[in-house]
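Asker: One structure is given below, represented as structure tokens, and several questions about it will come after.
All of the numbers you see were taken from the coordinates with simple rules; none came from a lab. For clarity, every value in this text was computed on a predicted model and none was experimentally measured. FYI the Cβ positions are ideal-geometry reconstructions off the backbone, even for glycines, and counts take in every protein chain you see.
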Amino acid sequence: HVRTFAPDDEVMNGLARLCLGRTLLRDEILDEADAVLREAWGIFERTPPPNRDDVLTLASALADCAEARGFEAEAERWRQVAKE
């Protein structure tokens, strides 16, 4: 005899809330990371020319963060900055 799993509405609603919660938490983390990275970029812009490796690292991180947040055009702009 093979048992099949047929979740009821309560289980499915709980799973949906869990997934939504994770998505919201992920978005909050990405928003916070983006804010910190932008603050660091602002410091770069106000100080003497930074180390090229630091610029590459920070611009790449901003590109990755933008991509993860679904902002592909912004991600591409940061990738271009990393290449300059």
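Asker: Kindly rank 29-40, 52-63 from highest to lowest mean number of other beta carbons found within 10 Å of each residue.
Answerer: In descending order of packing, they fall as 52-63, 29-40.
Asker: Multiply the residue separation of residue 77 and residue 27 by 0.36 nm, subtract the distance between their alpha-carbon atoms, and state the gained length in nm to one decimal.
Answerer: 15.9 nm
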